[in-house]
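Student: Dropping a structure here in structure tokens format, bear with me for questions.
The values are calculated or read from the model by the stated rules, or taken from the named source; none is laboratory data. These numbers come from a predicted model, not from an experiment. Virtual Cβ from ideal backbone geometry, glycine too; neighbours counted across all protein chains shown. Only protein heavy atoms, including side chains, enter the accessible area calculation; ligands, DNA and RNA are left aside. Shrake-Rupley method; radii C 1.70, N 1.55, O 1.52, S 1.80 Å.
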Amino acid sequence: MAVMLLSISLCAGVAGCGSSPTSTPGSTLTPTPTPAPAPTPNPAPSVSSILPSAAPAGALAFTLTVNGSNFINGSTVQWNGSSRTTTFVSGTRLQAHIMAADLASPGKATVTVINSAPGGGTSGGATFTVAVNTIAFQSGRALDGSDAANANENIWVVNPDGSGATPLTKLTASSAINPVWRTDGSRIVFASGRALDGSDAANTNGTRNVWAMNADGSGATALTKLTASGTSVDNPVWSLDGSKIVFESARALDGGWQRRSQLTFYF
């Protein structure tokens, strides 16, 4: 009997002895939260080319195409570090709205693409040229700018308001015609019957070739070297990206200097 009473006394002194565990009335068990997965980092964008890559100062607003890689829905095209309204086309192409204000003055603009965090980053830049708005033309006026005739036609440039007329070629023995600006405003391509050594003399048979020169008239270089009678070149034009020139010529189709009976277009 004494042993039983001692056992009951010990049990009474131990919390929970002889009973089932109980929870606090009104409480609920809280499950351990599952950690959220880390977001997938965005790739770093890369720009390979832009189209167009140039426009004259004072041009109207336009849509710029940006080619590259690792573009995402949310990539942003920047113009000199300022965001422009961007349309996602694909992982390799974006389009951006370039405003007329961006083209107000001559100069260079850097085009980049930004992908947001996590990851992401800013691409390397592509250069867009806002070219001086100068008109190139051919004229037979006197080289001193007076209202008199020169012996032959030359390439001239003039401001849009008619001021600053300046001859870039100063030929008297042959002509220079059909001037066309490269889209970035850095070069002019034209046709000329001048001597292939660049002197102020006529080429053999007066044959015209494709020539190109810098915007200020320096560095004139013959790009074709035709001399055969009847093979003259006319109407050279730059490709949109400025990497090629198309022109017409009656030269032989094998690329030789012989005459052919009809005009052929070359790149």
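Student: Can you list residue pairs whose Cβ atoms sit under 7 Å apart, with the first residue in the range 238-261 being modelled with pLDDT of 85 or more and the second being open to solvent by less than 20 Å² (accessible area, probe 1.4 Å) and part of a loop (DSSP other than H, G, I, E, B)? Count only pairs 6 or more apart in sequence or on different chains.
Tutor: Partner pairs satisfying both residue conditions: 249/231.
Student: Still on this structure, I have one more. Suppose we keep only residues that are open to solvent by 10 Å² or more (accessible area, probe 1.4 Å) and assigned to a strand (DSSP E or B) within the range 189-204. Which one would you say is nearest to residue 153 (Cα to Cα)?
Tutor: 194
Student: In addition: Identify the residue in the range 107-148 that is touching a residue at least 60 places away in the same chain (Cβ under 8 Å), assigned to a strand (DSSP E or B) and at positive phi and, among all such residues, is most open to solvent (accessible area, probe 1.4 Å).
Tutor: Checking each candidate, the answer is 119.
Student: Taking into account only those residues within the range 167-201 that are in contact with a strand residue (DSSP E or B) (Cβ under 7 Å, 6 or more places away or on another chain) and at positive phi, which is modelled with the lowest pLDDT?
Tutor: Here the residue is 185.
Student: Name the single residue that is surrounded by the fewest Cβ atoms within 10 Å (Cβ to Cβ) among those in the range 42-60 being at pLDDT below 95 and assigned to a loop (DSSP other than H, G, I, E, B).
Tutor: In this case the residue turns out to be 60.
Student: If only one of 55, 61, 131 is touching a helix residue (DSSP H, G or I) at 6+ places or on another chain (Cβ under 8 Å) and under 30 Å from residue 192 (Cα atoms), which one is it? Quick ask: steps written out before the conclusion?
Tutor: On the way: 61 fails: under 30 Å from residue 192 (Cα atoms); 131 fails: touching a helix residue (DSSP H, G or I) at 6+ places or on another chain (Cβ under 8 Å).
Step by step, each of 55, 61, 131 is checked, and only 55 is touching a helix residue (DSSP H, G or I) at 6+ places or on another chain (Cβ under 8 Å) and under 30 Å from residue 192 (Cα atoms).
Student: Inside the range 205-233, can you point out the residues that are among the β-branched types (Val, Ile, Thr) and either assigned to a helix (DSSP H, G or I) or without any contact (Cβ under 8 Å) to a residue 24 or more places away in the chain (or both)? Can you show your working first?
Tutor: Step one: filter the range 205-233 for residues among the β-branched types (Val, Ile, Thr), giving 207, 210, 221, 224, 227, 231, 233.
Answer for the range 205-233, where residues must be among the β-branched types (Val, Ile, Thr) and either assigned to a helix (DSSP H, G or I) or without any contact (Cβ under 8 Å) to a residue 24 or more places away in the chain (or both): just 221.
Student: Can you find even one residue in the range 210-224 that is modelled with pLDDT of 95 or more, among the β-branched types (Val, Ile, Thr) and surrounded by 14 or more Cβ atoms within 10 Å (Cβ to Cβ)?
Tutor: Checked against the condition, which is being modelled with pLDDT of 95 or more, among the β-branched types (Val, Ile, Thr) and surrounded by 14 or more Cβ atoms within 10 Å (Cβ to Cβ), the range 210-224 yields at least one hit.
Student: Among the residues of the range 149-182, how many are of a type in the set (Gly, Ala, Ser), in a strand (DSSP E or B) and more than 15 Å from residue 202 (Cβ to Cβ)?
Tutor: Going through the range 149-182 one residue at a time, the tally reaches 1.
Student: Now for a different question. Could you run through the range 61-88 and say how many residues are surrounded by fewer than 14 Cβ atoms within 10 Å (Cβ to Cβ) and over 17 Å from the mean Cα position of the chain (by Cα)?
Tutor: Counting residues in the range 61-88 that are surrounded by fewer than 14 Cβ atoms within 10 Å (Cβ to Cβ) and over 17 Å from the mean Cα position of the chain (by Cα) gives 2.
Student: Give the residue that is nearest to residue 134 (Cα to Cα), with candidates limited to residues of the range 225-240 that are of a type outside the set (A, V, I, L, M) and open to solvent by 60 Å² or more (accessible area, probe 1.4 Å). Walk me through how you get there before you give the answer.
Tutor: Taking the range 225-240 and keeping what is of a type outside the set (A, V, I, L, M), we get 225, 227, 229-232, 234-236, 238-239.
Those left that are additionally open to solvent by 60 Å² or more (accessible area, probe 1.4 Å): 225, 229, 235.
Details: 225: 29, 229: 35, 235: 19 Å.
So the residue we want is 235.
Student: Name the pairs: first residue in the range 182-204 and under 21 Å from residue 143 (Cα atoms), second residue assigned to a loop (DSSP other than H, G, I, E, B) and acidic (Asp, Glu), Cβ to Cβ under 9 Å, at least 6 apart or on different chains?
Tutor: So the pair list comes out as 194/200.
Student: Within the range 161-188, can you find the residues that are under 33 Å from the mean Cα position of the chain (by Cα) and either open to solvent by less than 10 Å² (accessible area, probe 1.4 Å) or more than 24 Å from residue 57 (Cβ to Cβ) (or both)?
Tutor: Here is the first cut: in the range 161-188, the residues under 33 Å from the mean Cα position of the chain (by Cα) are 161-169, 176-188.
The answer is 169, 176, 177, 188.
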